[in-house]
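K.L.:
Structure in structure tokens, see below.
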Amino acid sequence: MDCIFCEIKNRKADAEILFEDENVIAFLDIQPINYGHTLVVPKNHYDNFLTIPKDELSKLMQATQFIAGAVKRSMNADGFNVVSNNGSSAGQSVYHFHFHIIPRFNKDFSLKPSFKTYSSGAMKDYANQVRTFISKYRDIYYE
Ligand SMILES: [Zn+2]
């Protein structure tokens with residue numbers, strides 16, 4: 001298996017590692033959107049947000065919160081984005097789950113997509129589509 005994040009974790013590839021504990025490793029993204037752009041990665045390999053076990057996700061989230069605060073303050077950023085891209089349509093390029101922490105500065109750039117408007121009745125239809133799925137799978141996947 002060729003996974004750049006596993007290679008970084010195993011010190012087979014270089015990275016500017018910022019933080020590490022028994023569950024999580026964080027390092028600078030080599031193609032930063034802003035300087036200080038950081039990736040927070042579970043040490044165990046999972047493809048995406050849907051496949052990481054809940055207990056590991058919880059530890060990853062706690063580390064992400066801590067590191068986001070450190071990145072924001074040390075970069076003197078005005079804010080930050082925490083982003084997870086899942087699937088190629090969402091821009092995922094490394095299939096080892098991770099969060100991006102992107103420090104943001106006033107008026108640096110805009111991530112605003114063009115917003116859609118629900119046509120009459122469509123919002124309820126979309127909600128029903130999701131609700132049907134949730135009611136079918138809630139007992140299996142959510143506890
Ligand atoms: Zn991996």
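Computed from the coordinates by the stated procedures, all read-outs in this text should not be read as laboratory data. Owing to the predicted nature of the structure, the values given are computational and were not obtained by experimental measurement. Cβ placement follows ideal geometry from the backbone for every residue including glycine, while neighbour counts extend to all protein chains displayed.
K.L.:
Pull up the range 28-57, narrow it to residues that are free of Cβ contacts under 8 Å to residues at least 24 places away in the same chain and part of a helix (DSSP H, G or I), then point me to the one that is nearest to the ligand (Cβ to nearest atom).
P.N.:
Leu57
K.L.:
With the condition kept exactly as written, say whether any residue in the range 58-73 is surrounded by 14 or more Cβ atoms within 10 Å (Cβ to Cβ), out of contact with any Lys or Arg (no Cβ under 8 Å at 6 or more places or on another chain), in a loop (DSSP other than H, G, I, E, B) and touching a residue at least 12 places away in the same chain (Cβ under 8 Å).
P.N.:
So far as the range 58-73 goes, no, none of its residues is surrounded by 14 or more Cβ atoms within 10 Å (Cβ to Cβ), out of contact with any Lys or Arg (no Cβ under 8 Å at 6 or more places or on another chain), in a loop (DSSP other than H, G, I, E, B) and touching a residue at least 12 places away in the same chain (Cβ under 8 Å).
K.L.:
Here is a further query. Restricting to the range 112-135, and then to whatever is of a type in the set (Lys, Arg) and surrounded by fewer than 10 Cβ atoms within 10 Å (Cβ to Cβ), can you tell me which residue is farthest from Phe80 (Cα to Cα)?
P.N.:
Lys116
K.L.:
In the range 1-27, how many residues are within 11 Å of the ligand (Cβ to nearest atom), crowded, with 16+ Cβ neighbours inside 10 Å and either among the hydroxyl-bearing types (Ser, Thr, Tyr) or more than 21 Å from Gln92 (Cβ to Cβ) (or both)?
P.N.:
Residues in the range 1-27 being within 11 Å of the ligand (Cβ to nearest atom), crowded, with 16+ Cβ neighbours inside 10 Å and either among the hydroxyl-bearing types (Ser, Thr, Tyr) or more than 21 Å from Gln92 (Cβ to Cβ) (or both): 0 in total.
K.L.:
Taking Ile25 and the conditions (1) assigned to a strand (DSSP E or B); (2) touching a residue at least 40 places away in the same chain (Cβ under 8 Å); (3) under 14 Å from the mean Cα position of the chain (by Cα), which numbered condition does it fall short on, given that it satisfies the others?
P.N.:
Answer for Ile25: the failing condition is (2).
K.L.:
Would you check if there is a residue in the range 91-111 being within 25 Å of Glu20 (Cβ to Cβ), surrounded by 12 or more Cβ atoms within 10 Å (Cβ to Cβ) and without any contact (Cβ under 8 Å) to a residue 60 or more places away in the chain?
P.N.:
Yes, that holds for at least one residue.
K.L.:
Looking at the structure I just gave you, is Tyr118 hydroxyl-bearing (Ser, Thr, Tyr) and under 18 Å from Cys6 (Cβ atoms)?
P.N.:
So Tyr118 does not fit the description; no.
K.L.:
Given the conditions (1) within 30 Å of Lys107 (Cα to Cα); (2) more than 16 Å from the ligand (Cβ to nearest atom), report the number of the one that Leu60 does not fulfil.
P.N.:
The number of the failed condition is (2).
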